[in-house]
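Below you'll find the structure, written out as structure tokens, and then a few comments.
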Amino acid sequence: MGSSLEQTLTDAVLARIEGQADERFRQIMTSLIRHLHAFVRETELTEAEWFAGIQFLTATGQKCDDKRQEYILLSDTLGVSMLVDAINHRKPGGATETTVLGPFYVAGSKQLPMWADIAEGLPGMPAYVHGRVLDVDGKPIEGAELDVWQNDSEGFYDVQRPGASYARGKFTTDAQGRFGFRTTKPVSYPIPTDGPVGKMLLGMGRHPYRPAHVHTKVSAPGYEPIITHLFVKGDKYLESDAVFGVKDSLVVEFRDLPAGRTPDGQSSERPFSEAVYDFRLVREGRG
């Protein structure tokens with residue numbers, strides 16, 4: 001039978017925040033304390049296990065810098081990021097679904113003209129990604145901004161390579177809501193396993209792979225912005241994404257085509273891939 005402190009400690013801690021003026025803060029902290037204490041009781045944590053948890057969280061923070069966010073990786077791999085996303089983006093039917101930001105987003109990408117090559121000079125199959133940005137009623141949105149980024153043909157983002165900068169850019173839609181850019185066909189890749197989150201995954205017996213995708217942030221004045229991916233149809237990791245980010249509506253066919261005329265009106269001497277997708281945004285206040 002547990003000590004009296006085991007039974008009364010939770011209420012004693014909660015009593016300390018009863019006078020907190022910020023109601024939402026009090027609500028969140030109350031729930032956190034109750035669930036955390038219940039977790040400790042349920043598992044009957046040893047002191048060594050709790051200290052190991054503290055060391056894990058410390059190491060996670062120490063792995064973070066301006067180019068890598070290990071806590072986002074932890075949130076992603078535990079499914080928390082997608083749960084928060086689902087709660088916060090309850091869109092009406094027809095709107096493009098959202099997914100995780102990921103740990104490698106970098107603000108401040110260059111503004112580029114339509115059909116610019118964000119992966120210029122990188123090896124890999126050329127890929128042309130194009131489509132439109134529309135509202136949920138099918139009306140084109142002029143001046144929408146697409147902030148895109150992806151990995152290279154070896155599965156690395158530029159921030160994982162010291163001094164590198166590639167495969168990122170911002171594009172603006174024309175009067176018909178059209179956008180288009182060139183890149184390389186994305187490949188599936190493992191999330192970083194050299195940190196505490198990677199060790200956690202391996203300890204769970206889980207693989208660290210994500211299916212191939214292109215990241216996109218889409219925004220336009222008067223519309224709710226979205227963060228999403230375009231996943232490559234047929235990728236073997238679609239059903240077991242390490243961060244639970246795949247949604248069927250975001251799986252897109254990247255058609256492999258022979259050398260010849262390309263979607264930008266030019267021609268390619270090499271085989272290339274083409275993906276077509278229309279993003280649909282919701283007006284602010286409508287969702």
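Before we move on, is Leu230 under 25 Å from Trp115 (Cα atoms) and outside any loop (DSSP other than H, G, I, E, B)?
Taking the combined requirement at face value, the residue satisfies it.
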Note to self: Let me confirm something: among Ala48, Ala95, Ala52, Ala86, which residue is touching a residue at least 12 places away in the same chain (Cβ under 8 Å) and either crowded, with 16+ Cβ neighbours inside 10 Å or in a helix (DSSP H, G or I) (or both)?
What the structure shows: Ala95
Check: With (1) at pLDDT below 95; (2) over 13 Å from the mean Cα position of the chain (by Cα); (3) among the small types (Gly, Ala, Ser) as the list, and Ala52 as the residue in question, which single condition is left unmet?
Finding: (1)
Notebook entry, point to check: Taking the condition under 15 Å from the mean Cα position of the chain (by Cα), surrounded by fewer than 15 Cβ atoms within 10 Å (Cβ to Cβ) and within 20 Å of His215 (Cβ to Cβ), does Gly102 pass?
Noted result: no
Next item on the list: Those residues that are within 19 Å of Phe56 (Cα to Cα), open to solvent by less than 30 Å² (accessible area, probe 1.4 Å) and either of a type in the set (A, V, I, L, M) or over 17 Å from the mean Cα position of the chain (by Cα) (or both), I need them from segment 199-242; list them, please.
Entry: Leu201
Check: Restricting the search to segment 114-164, which residues are aromatic (Phe, Trp, Tyr) and more than 24 Å from Val218 (Cβ to Cβ)?
Finding: Phe156
Margin query: Quick check on Gln20: is it part of a loop (DSSP other than H, G, I, E, B), over 31 Å from the mean Cα position of the chain (by Cα), surrounded by 11 or more Cβ atoms within 10 Å (Cβ to Cβ) and not aliphatic (A, V, I, L, M)?
Written below: yes
Next item on the list: May I ask you to verify whether Asp152 is of a type outside the set (Gly, Ala, Ser) and over 16 Å from the mean Cα position of the chain (by Cα)?
Entry: yes
Next item on the list: Take Leu74 and decide whether it is of a type outside the set (S, T, N, Q), under 14 Å from the mean Cα position of the chain (by Cα) and open to solvent by 80 Å² or more (accessible area, probe 1.4 Å).
Entry: no
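The values are calculated or read from the model by the stated rules, or taken from the named source; none is laboratory data. Everything numeric here is computed off the predicted structure, so don't read it as measured data. Heads up, the Cβs are rebuilt from the backbone with ideal geometry, glycines too, and the neighbour counts pull from every protein chain shown. Remember, those area values only see protein heavy atoms, side chains included, never the ligands or the DNA or RNA. Shrake-Rupley method; radii C 1.70, N 1.55, O 1.52, S 1.80 Å.
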